[in-house]
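**Q** Below: one structure in structure tokens.
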Amino acid sequence: MVVDCPQRGVRPASELLAEVDPVRLDVVVTHRDLDHCGGVHELLRRFGNSATKLYMNAAMSVSPHSTSQPRVKAVVRSILAAVDEVGAREKPALRGEVGHAGTISWVALAPTHRQVLDAAVGGSVNRSSVVLRLELAGYRFLIPGDIDDEAVKELLRSGMEVSAYVFLLPHHGAKLQRFSKLLAAVDPRYVVVSAGRRPSHPALETLRAAAAYDCRIMCTEVATHCHRGAIDPQHCAGSIEFKMRGGSLEVVPTEAEHMVRIRHLDTPVCLGSNCVDKQPGRRRP
């Protein structure tokens with residue numbers, strides 16, 4: 001199961017999938033931003049087949065022409081064409097949709113029909129992002145796409161269970177007014193930031209809020225708040241892997257390896273956490 005894939009993610013995703021050699025590949029597209037869907041059509045053509053299910057953000061299939069961006073239109077059309085070429089099945093990913101991929105079970109916590117319709121007629125694309133809660137061997141992962149403050153408000157108001165052991169921060173760690181409330185509801189052990197090196201993502205306020213909470217922050221790249229000059233690519237977490245071994249969840253890089261890397265930074269925000277030297281396993285899966 002693959003959740004989102006930008007163009008730059010096609011090669012590493014393909015290498016991993018080639019190792020696994022899946023009989024069936026399911027794909028979830030949280031929304032139509034190119035840094036989330038730009039490489040999906042290539043993965044479908046390489047690994048998709050008639051058993052594949054594409055759970056696509058419903059706003060994309062409702063109105064692929066509702067954007068004025070030519071590149072986005074082209075990518076959406078390519079995804080739909082790839083579905084037809086490999087004989088895959090397309091299903092909308094709406095709140096309440098459930099599924100399985102091997103030993104992984106998942107449920108879509110968002111979007112609602114209203115959010116989809118709003119995005120389809122020109123409203124916020126991020127607000128209609130698919131929010132997934134996955135479970136593997138009792139460990140929960142929350143993947144919220146690029147949801148904004150209004151979507152967070154709706155998610156918390158819905159009463160849906162959002163608690164998770166691993167929490168991928170919304171919108172690459174962008175600033176959210178309701179982030180602290182969402183963090184408390186999720187109550188994660190690990191907070192993961194998938195982001196490039198730019199000032200606004202992840203936001204300093206978001207990192208500080210996560211650092212003050214009792215969790216471990218891991219970023220794929222060093223934030224500008226944490227280091228001002230040129231950086232060694234080994235600093236910060238880089239590619240982050242969560243592996244199941246014997247019923248236990250292992251993290252790569254390990255917490256000790258991560259600490260060695262971030263101690264070389266100027267002002268690593270995550271060192272403000274009061275739990276950087278604690279051992280994992282306190283929180284519920």
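**Q** Could you run the Debye sum over the Cα atoms of the chain, one equal point scatterer each and no solvent, and tell me log10 of I(q)/I(0) at q = 0.06, 0.15, 0.16 Å⁻¹, two decimals?
**A** Taken in order of the listed q values, log10 I(q)/I(0) reads -0.18, -1.21, -1.36.
**Q** Now for a different question. Would you please give the residues with an amide H less than 5 Å from that of Leu168, counting only those at least 5 places away or on a separate chain, with H modeled from the backbone geometry?
**A** Excluding prolines and chain starts, which carry no amide H, the hits are Leu142, Val192.
**Q** Search the structure for amide H atoms under 5 Å from the amide H of Val131, placed 1.01 Å from N in the peptide plane, and list their residues when 5 or more places away or on another chain.
**A** Leu109, Ala110
**Q** Oh, and also: Let me check the size of segment 63-152 from its C-alpha atoms; what are the radius of gyration and Dmax in Å?
**A** 14.7, 43
**Q** Between the helical axis of 149-158 and the dominant principal axis of the chain, each derived from Cα atoms, what acute angle in degrees is found, rounded to the nearest 10?
**A** For helix 149-158, the angle is close to 80 degrees.
**Q** Once the Cα gyration tensor of segment 147-220 is diagonalised, what are the square roots of 5 times its eigenvalues, in whole Å and ordered largest first, as equivalent ellipsoid semi-axes?
**A** They are 19, 14, 10 Å, listed largest first.
**Q** At a 1.4 Å probe radius, which order do Thr254, Thr103 fall into by accessible area, largest first?
**A** In descending accessible area the options line up as Thr103, Thr254.
**Q** Tell me, what are the semi-axes, in whole angstrom and largest first, of the equivalent ellipsoid of segment 123-184 as set by the roots of 5 times the Cα gyration tensor eigenvalues?
**A** The answer is 19, 12, 11 Å, longest axis first.
**Q** Ignoring ligands, DNA and RNA, what accessible area per residue does the chain give at 1.4 Å, in Å²?
**A** 46
**Q** I've got another one for you. Show the residues, 5+ positions off or on another chain, whose built amide H is closer than 5 Å to the amide H of Met56.
**A** Val29, Lys91, Ala93
**Q** Applying a 10 Å radius around every beta-carbon, put 92-99, 153-160, 109-116, 128-135 in order of their mean neighbour count, most first. Please report the intermediate quantities before stating the final value.
**A** Numbers: 92-99: 16.5, 153-160: 14.8, 109-116: 21.0, 128-135: 24.6.
The densest-packed peptide leads the list: 128-135, 109-116, 92-99, 153-160.
**Q** Peptides 118-124, 239-245: what's the order by average Cβ count within 10 Å, highest mean first?
**A** Those peptides, ordered most packed to least, come out 118-124, 239-245.
**Q** Moving on. At a temperature of 10 °C and a viscosity of 1.306 mPa s, determine how fast segment 187-247 diffuses translationally according to Stokes-Einstein, using the Kirkwood radius over alpha-carbon pairs as Rh; express D in µm²/s, rounded to the nearest whole number.
**A** It comes out at roughly 126 µm²/s.
**Q** Okay, moving on. Could you give me the ³J(HN,Hα) list for segment 246-260, computed from phi with Karplus coefficients 6.51, -1.76, 1.60 and θ = phi - 60°, whole Hz, x at Gly and Pro?
**A** x, x, 10, 9, 9, 10, 10, x, 5, 4, 5, 5, 4, 4, 4
**Q** Quick one: if the Förster radius is 22 Å, what FRET efficiency do Thr103 and Thr220 give, using the C-beta to C-beta distance and rounding to 0.05?
**A** It comes out at approximately 0.30.
**Q** To continue, here is another question. Can you pull the percent of the chain's accessible area that's carbon plus sulfur, 1.4 Å probe, other chains left in place? Before the final figure, lay out each step's value.
**A** Details: 6720 of 13210 Å².
Carbon and sulfur: 51 percent of the exposed surface of the chain.
**Q** Tell me the angle of helix 10-20 to the major Cα principal axis of the chain, expressed in degrees between 0 and 90 and rounded to the nearest ten.
**A** Taking Cα atoms only, the helix is inclined about 90 degrees.
**Q** Per residue Cα convex hull volume for segment 19-115, in cubic angstrom?
**A** Once divided by residue count, the hull of segment 19-115 is 100 Å³.
The values are calculated or read from the model by the stated rules, or taken from the named source; none is laboratory data. Since this is a predicted model, take the numbers as computed values, not measurements. Cβ: placed from backbone, ideal geometry, glycine included. Neighbour counts: every protein chain shown. Note: accessible area is taken over every heavy atom of the protein model, side chains too, but ligands, DNA and RNA are not part of it. Shrake-Rupley method; radii C 1.70, N 1.55, O 1.52, S 1.80 Å.
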